[in-house]
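Dropping the structure in here first, questions after.
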Amino acid sequence: MRAIWKGAVSFGLVSIAVKLYSATEEKDIRFHQVHREDGGRIRYKRTCSVCGEEVTYDDIAKGYDIGGGEMVILTDSDFADLPLTTSRAIDVLEFVPAEQVDPILYNKAYFLEPEGAATKPYVLLRDALADSERVAIVKVALRQREQLATLRVREGVLLLNTMLWPDEVRTPDFGFLGEDLKVRPPELAMASSLIDSMAGEFEQDAFTDDYRAALQEVIDAKVEGREVVQPEEVEEAPAAAVDLMSALKASVERAQAARGEQPEARGGKPTPITSARSAQKAAKAPAKKTAEKKTAEKKAGGTKKAATKKAAESGTAKKAPASKAAPKKAPRKTA
């Protein structure tokens, strides 16, 4: 690595000489614009839009567009008196808990290496910072600009993270934030279950840039004069419209299957939503049984009354006198 800046960390009355190195590098595959016919590089000339002449770097100044076609031109002398420190110092302002710094503020990362005899105070600051479980808030001038930054420990090395200024972070202004959207408890419980089923420990080496690897394979094949055969992609059928709960439940089951776990329906552990439903069923059971008991008693009462009525009618029929026999006719007297 090549140092891009040299200076000192100002820690109270202690000054620690350091070198600054870029801690990250982009792995994007870069291309040049070339002429398709012969592969020649495309060059751009710096020309003036007013006179059309080609301009050298010595004749280039900075211009600020104030609108309406007007431009304010600033030269090196205009920047000379600005309050930008030239002391090449990283001034420690305060120490704060790391969780109080919103990650959205972080910009670029740099390693700090002690220079010369500054190794001992460097190690002292490193160990004290690690023991405090805090990060140092610092100011430093980099690339002709004053930067707010944090200083923390990573793998035994002091790491400088430049930060955005608070007014450089946009405030989200979206229509849905003003809508009165209600999330039902069962939906929230199922979403929480999905998060639990997909929980894990972050291992950065487990993730790779598949697109970059495939693109590099294409470039290597071009260099070697061979053809790259890409596997045919199977088009997935468009998924049918499902409701939110069904989609969440299916997602939980898929995540469990990916981990080798069995879904709740197949004997696995119950999810929060299934537990909640079971509790609701259990709470409703006594009321249901009472209602069924009353219905049964009511039916039994009605049956009993019907039986009593039937028996009464039967008894009445038995007590009813038999039909009287027709009176015998007196024998006719013969003359």
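Go through the residues of region 53-73 one by one and say whether even a single one is under 27 Å from E113 (Cα atoms) and out of contact with any Phe, Trp or Tyr (no Cβ under 9 Å at 6 or more places or on another chain).
no
For region 62-103, enumerate the residues that are farther than 28 Å from A130 by Cβ, in a loop (DSSP other than H, G, I, E, B), open to solvent by 100 Å² or more (accessible area, probe 1.4 Å) and of a type outside the set (D, E).
P83, T86
Quick one: L148 ticks every box in (1) under 26 Å from the mean Cα position of the chain (by Cα); (2) closer than 30 Å to A3 by Cα except a single one, so which number is it?
It is condition (1) that L148 fails.
Can you spot a residue in region 186-198 that is in contact with a strand residue (DSSP E or B) (Cβ under 8 Å, 6 or more places away or on another chain), in contact (Cβ under 8 Å) with a residue 24 or more places away in the chain and either more than 30 Å from Y106 (Cβ to Cβ) or assigned to a loop (DSSP other than H, G, I, E, B) (or both)?
no
When V123 is evaluated against the numbered criteria (1) over 20 Å from R145 (Cβ atoms); (2) open to solvent by 60 Å² or more (accessible area, probe 1.4 Å); (3) assigned to a helix (DSSP H, G or I), which criterion, by number, is the only one it fails?
Going through (1) over 20 Å from R145 (Cβ atoms); (2) open to solvent by 60 Å² or more (accessible area, probe 1.4 Å); (3) assigned to a helix (DSSP H, G or I) one by one, V123 breaks only (2).
Considering only region 1-24, how many residues are open to solvent by less than 30 Å² (accessible area, probe 1.4 Å) and either of a type in the set (S, T, N, Q) or within 13 Å of A117 (Cα to Cα) (or both)?
So the answer is 3.
Now for a different question. What single numbered condition from (1) charged (D, E, K, R); (2) within 30 Å of D210 (Cβ to Cβ); (3) surrounded by 10 or more Cβ atoms within 10 Å (Cβ to Cβ) fails to hold for D59?
Tallying (1) charged (D, E, K, R); (2) within 30 Å of D210 (Cβ to Cβ); (3) surrounded by 10 or more Cβ atoms within 10 Å (Cβ to Cβ), D59 fails exactly one: (2).
Okay, moving on. Hey, among the residues in region 35-50 that are open to solvent by less than 80 Å² (accessible area, probe 1.4 Å) and modelled with pLDDT of 90 or more, which one's farthest from the chain's Cα centre (by Cα)?
This residue is C48.
Then there's this: Residue by residue through region 104-120, note down the ones that are assigned to a strand (DSSP E or B) and free of Cβ contacts under 8 Å to residues at least 60 places away in the same chain.
Correct list: Y106, N107.
If you take the residues of region 42-61 that are outside any loop (DSSP other than H, G, I, E, B) and out of contact with any strand residue (DSSP E or B) (no Cβ under 8 Å at 6 or more places or on another chain), which of them is nearest to H32 (Cα to Cα)?
Of everything passing the filter in region 42-61, Y57 is nearest to H32 (Cα to Cα).
The values are calculated or read from the model by the stated rules, or taken from the named source; none is laboratory data. The model shown is predicted, which means the values in this text are computed figures rather than measured ones. Cβ sites come from the backbone with ideal geometry, for glycine too, and all protein chains shown count toward neighbours. Each accessible area value is taken on the protein alone, full model and side chains, heavy atoms only, with ligands, DNA and RNA left out. Shrake-Rupley method; radii C 1.70, N 1.55, O 1.52, S 1.80 Å.
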